[in-house]
Amino acid sequence: MTKETMFSLEGKKVVVTGGARGIGKTVAEHMAMMGADIAIMDLLKDEGIETAGAIERNYGVKSKAYVCNVTKPNDVDSTINQIADDFGGLDALFNNAGIVLHKAALDVTPDEWLNVMDVNTNGVFFVAQAFAKKLVALGRPGSIINNASMSATIVNFPQEQASYNSSKAAVVHMTKSLAVEWIKYGIRVNSISPGYMFTDLTAHVRPDWIEQWTAMTPYNRLGKPEELAGAVIYLAGDCSSFTSGCDIIIDGLFSCV
């Protein structure tokens, strides 16, 4: 490995769930910058197509969008199989699709709770499982990076979101469990845990919440999606070959104080 290739993703086939916009889109663009071909999996058909087209034009790699509901195992399996056929294999997965519900635990309905858990926990597992099964069938090693959250470690304030926090805590422990199970196949599983990030989603929350989040973060600002890309690129590439079962917290020191 040379300094030119250490963080290269040249020729790697990467799947990004929730990649049509937000964190997924930004990370997908940065991985394409490092040479990866990018498959976008998202429910947002038009935005997914637009993102994939822009990645192809801007970075000279292959990119294609696929409509997929991560909570439907059959849909996930068929999409992963189609991506492997279209791209000639699989190498890495950024398992990013997720939702958040800001609602007090006393008021959350059973359907709301189940929906958050279904997308954030079940969806992450279904995609990781389908991806790993395909790697095993192809006899290829690979890397899975799950997008968890600092909410797996801390309790957010002032917003109440026990459903989201619980779902992300499950993702972190799932990551460790899958890492131990799948290393015998050469499949590494890690996670990143972002703190408060300035995205399309947070841009529309209550201004007083953003002020309070900023004040509680030692960096005195929210993070930017591109500040997550380096960790994902590291975990997806060959330079992290001895790294698995790891959760990288990227939160501007929020969870340190």
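The values are calculated or read from the model by the stated rules, or taken from the named source; none is laboratory data. Keep in mind that what you see is a predicted model, and the values were worked out from it rather than measured. Cβ atoms come from the backbone with ideal geometry, glycine included; neighbour counts cover every protein chain shown. With ligands, DNA and RNA removed, areas are computed over all heavy atoms of the protein, side chains included. Shrake-Rupley method; radii C 1.70, N 1.55, O 1.52, S 1.80 Å.
On the given criteria, is Pro218 open to solvent by 40 Å² or more (accessible area, probe 1.4 Å), touching a Cys at 6+ places or on another chain (Cβ under 9 Å) and over 24 Å from Leu101 (Cα atoms)?
For Pro218, the condition - open to solvent by 40 Å² or more (accessible area, probe 1.4 Å), touching a Cys at 6+ places or on another chain (Cβ under 9 Å) and over 24 Å from Leu101 (Cα atoms) - is met.
Of all residues in the range 180-231, which are polar (S, T, N, Q) and not in a helix (DSSP H, G or I)? Show your work before the answer.
Taking the range 180-231 and keeping what is polar (S, T, N, Q), we get 190-191, 193, 199, 202, 212, 214, 217, 220.
Listed by number, the residues that qualify are Asn190, Ser191, Ser193, Thr199, Thr217, Asn220.
Could you tell me whether Ser78 is in a helix (DSSP H, G or I), at pLDDT 95 or above, closer than 27 Å to Met197 by Cα and not basic (Lys, Arg)? Step through it out loud before you land on a result.
On the way: in a helix (DSSP H, G or I): yes; at pLDDT 95 or above: yes; closer than 27 Å to Met197 by Cα: no; not basic (Lys, Arg): yes.
Against the criterion (in a helix (DSSP H, G or I), at pLDDT 95 or above, closer than 27 Å to Met197 by Cα and not basic (Lys, Arg)), Ser78 does not qualify.
Just name the residue that is surrounded by the most Cβ atoms within 10 Å (Cβ to Cβ) out of those in the range 140-155 that are more than 30 Å from Lys13 (Cβ to Cβ) and not small (Gly, Ala, Ser).
So, considering only residues that are more than 30 Å from Lys13 (Cβ to Cβ) and not small (Gly, Ala, Ser), the one surrounded by the most Cβ atoms within 10 Å (Cβ to Cβ) is Thr153.
So for the range 84-99 (the condition being in contact (Cβ under 8 Å) with a residue 60 or more places away in the chain, farther than 21 Å from Glu227 by Cα, of a type outside the set (Asp, Glu) and open to solvent by 40 Å² or more (accessible area, probe 1.4 Å)), does at least one residue qualify?
Looking through the range 84-99, at least one residue is in contact (Cβ under 8 Å) with a residue 60 or more places away in the chain, farther than 21 Å from Glu227 by Cα, of a type outside the set (Asp, Glu) and open to solvent by 40 Å² or more (accessible area, probe 1.4 Å).
Pairs under 6 Å by beta carbon, first residue at pLDDT 95 or above in the range 237-248, partner of a type in the set (Val, Ile, Thr) and not in a strand (DSSP E or B), six or more apart or different chains?
Ser244/Ile183; Asp247/Val172
Quick check, is Ala137 out of contact with any helix residue (DSSP H, G or I) (no Cβ under 6 Å at 6 or more places or on another chain) and surrounded by fewer than 22 Cβ atoms within 10 Å (Cβ to Cβ)?
Yes: the conditions hold for Ala137.
Go through the range 156-197 and count every residue that is more than 16 Å from the chain's Cα centre (by Cα), touching a residue at least 24 places away in the same chain (Cβ under 8 Å) and open to solvent by 70 Å² or more (accessible area, probe 1.4 Å).
So the count comes out to 5.
Which residues, counting only those in the range 138-175, are out of contact with any Leu (no Cβ under 6 Å at 6 or more places or on another chain), outside any helix (DSSP H, G or I) and of a type outside the set (S, T, N, Q)?
Within the range 138-175, Gly139, Arg140, Pro141, Ala148, Ile154, Val155, Phe157, Pro158, Glu160 qualify.
Okay, residues lined up against (1) of a type in the set (D, E, K, R); (2) surrounded by fewer than 17 Cβ atoms within 10 Å (Cβ to Cβ); (3) more than 24 Å from Val100 (Cα to Cα):
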| site | (1), (2), (3) |
| --- | --- |
| Met1 | no, yes, yes |
| Met6 | no, yes, yes |
| Glu10 | yes, yes, yes |
| Lys25 | yes, no, no |
| Glu29 | yes, no, no |
| Met34 | no, no, yes |
| Asp37 | yes, no, yes |
| Asp42 | yes, no, no |
| Lys45 | yes, yes, no |
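Evaluate the following for Leu222: is it farther than 24 Å from Met34 by Cβ and modelled with pLDDT under 95?
Working: farther than 24 Å from Met34 by Cβ: yes; modelled with pLDDT under 95: no.
Answer is no for this residue.
Quick check on Leu114: is it assigned to a helix (DSSP H, G or I) and either over 22 Å from Ile23 (Cα atoms) or of a type outside the set (A, V, I, L, M) (or both)? Don't jump to the end; show me each part of the working.
Details: assigned to a helix (DSSP H, G or I): yes; either over 22 Å from Ile23 (Cα atoms) or of a type outside the set (A, V, I, L, M) (or both): yes.
For Leu114, the condition - assigned to a helix (DSSP H, G or I) and either over 22 Å from Ile23 (Cα atoms) or of a type outside the set (A, V, I, L, M) (or both) - is met.
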